[in-house]
Amino acid sequence: MTQADAPSLLRIWGDDEAMRYYPAPKTRAELATWIELMHERYERDGIGLWIIETQDGEFIGDCGLTWQRVNGRDMLEVGFHTLPAEQGNGFATEAAEACVAEARRRFAPIELTAIIHPDNVASRRVAEKLGMTYTEDDHDHPWIVRTVMSMSLTAP
């Protein structure tokens, strides 16, 4: 993910419909800061969110692994966001499955989470397809109580 991806990413992160489960869509400036955060994560952790594209290079969304704070502890999360028009086509599931494999390869044994707004049924379905189940509600973010789904990964 680079600043050159910002126009494509704004189709998700700047869109009211796509961000309905977040406090607000991001402005161009907020997105630029967020992309820089991904670069910090790449440097520090070797992971972050990556761009999802079709084999023809068409932008679909982003997906990846990040460390998140959940009820006072650091947990590895698989996160995914796709264009509203592409939701339901399996892209988030396919990308998230690749991230699960990467998490297993690099971090297992570990508990892998997906942090999801309680009303986001589509994201919950993706997490369930990965093999995750509800484990707890997250209270670390003042703007929403979030549903935490997780699964234990064992070494390959």
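I'd like to check something: does segment 2-9 contain any residue that is part of a helix (DSSP H, G or I), in contact with a helix residue (DSSP H, G or I) (Cβ under 8 Å, 6 or more places away or on another chain) and either closer than 18 Å to ILE115 by Cβ or among the acidic types (Asp, Glu) (or both)? Spell out how you get there, then give the answer.
Kept after step one, since they are part of a helix (DSSP H, G or I), are these residues of segment 2-9: 3-9.
From what's left, in contact with a helix residue (DSSP H, G or I) (Cβ under 8 Å, 6 or more places away or on another chain): 3, 5-6, 9.
From the residues that got through so far, the ones that are either closer than 18 Å to ILE115 by Cβ or among the acidic types (Asp, Glu) (or both) too are 5.
Taking every residue of segment 2-9 in turn, at least one turns out to be part of a helix (DSSP H, G or I), in contact with a helix residue (DSSP H, G or I) (Cβ under 8 Å, 6 or more places away or on another chain) and either closer than 18 Å to ILE115 by Cβ or among the acidic types (Asp, Glu) (or both).
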**Residue list for segment 51-74, restricted to those being in contact with a Gly (Cβ under 7 Å, 6 or more places away or on another chain) and more than 14 Å from THR93 (Cα to Cα)** = THR66
**Complete:** Of (1) at pLDDT 95 or above; (2) under 16 Å from the mean Cα position of the chain (by Cα), TYR21 satisfies every one except (1)
**Message:** Go through (1) more than 26 Å from VAL145 (Cα to Cα); (2) crowded, with 18+ Cβ neighbours inside 10 Å for HIS39 and report which single condition fails.
**Reply:** (2)
**Request:** Say whether the condition of being on the phi < 0 side of the Ramachandran plot, surrounded by 13 or more Cβ atoms within 10 Å (Cβ to Cβ) and assigned to a strand (DSSP E or B) is met by at least one residue in segment 115-131.
**Result:** yes
**Any chance LEU112 is more than 17 Å from ALA18 (Cα to Cα), of a type outside the set (Gly, Ala, Ser), crowded, with 19+ Cβ neighbours inside 10 Å and under 15 Å from the mean Cα position of the chain (by Cα)** = yes
**Item:** Among residues of segment 61-86, those that are closer than 23 Å to THR2 by Cα and either under 11 Å from the mean Cα position of the chain (by Cα) or not aliphatic (A, V, I, L, M) (or both), counted
**Value:** 17
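Scanning for something in a helix (DSSP H, G or I), crowded, with 18+ Cβ neighbours inside 10 Å and basic (Lys, Arg), does segment 144-153 turn up at least one residue?
Residues of segment 144-153 that are in a helix (DSSP H, G or I), as a first pass: none.
No, that holds for no residue.
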**Asked** What pairs can you find where one residue is in segment 62-86 and touching a residue at least 40 places away in the same chain (Cβ under 8 Å), the other is basic (Lys, Arg), and their Cβ atoms are less than 7 Å apart, with a gap of 6+ or different chains?
**Response** LEU83/ARG11
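Can you name every residue in segment 52-90 that is part of a strand (DSSP E or B) and acidic (Asp, Glu)?
Of all residues in segment 52-90, those part of a strand (DSSP E or B) come to 52-53, 59-70, 73-82.
GLU53, ASP62, ASP74, GLU77 - these are the residues of segment 52-90 that are part of a strand (DSSP E or B) and acidic (Asp, Glu).
Might you check whether a residue that is among the β-branched types (Val, Ile, Thr), in contact with a Leu (Cβ under 8 Å, 6 or more places away or on another chain) and not in a helix (DSSP H, G or I) occurs anywhere in segment 91-104? If you could, list the steps in order and put the result at the bottom.
In the first step, residues of segment 91-104 are kept if they are among the β-branched types (Val, Ile, Thr); the result is 93, 100.
Adding the requirement that they be in contact with a Leu (Cβ under 8 Å, 6 or more places away or on another chain) leaves 93, 100.
When the remaining residues are screened for being not in a helix (DSSP H, G or I), the result is none.
Checking segment 91-104: not a single residue is among the β-branched types (Val, Ile, Thr), in contact with a Leu (Cβ under 8 Å, 6 or more places away or on another chain) and not in a helix (DSSP H, G or I).
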**Item:** Subset of segment 59-95 [over 17 Å from ALA18 (Cβ atoms), touching a helix residue (DSSP H, G or I) at 6+ places or on another chain (Cβ under 9 Å), among the hydrophobic types (A, V, I, L, M, F, W, C) and surrounded by 15 or more Cβ atoms within 10 Å (Cβ to Cβ)]
**Value:** LEU65, LEU76, VAL78
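The values are calculated or read from the model by the stated rules, or taken from the named source; none is laboratory data. Computed from a prediction, not measured in an experiment: that's the story for all the values here. Ideal geometry is used to build each Cβ from the backbone, glycine not excepted, and the neighbour counts take in all protein chains shown.
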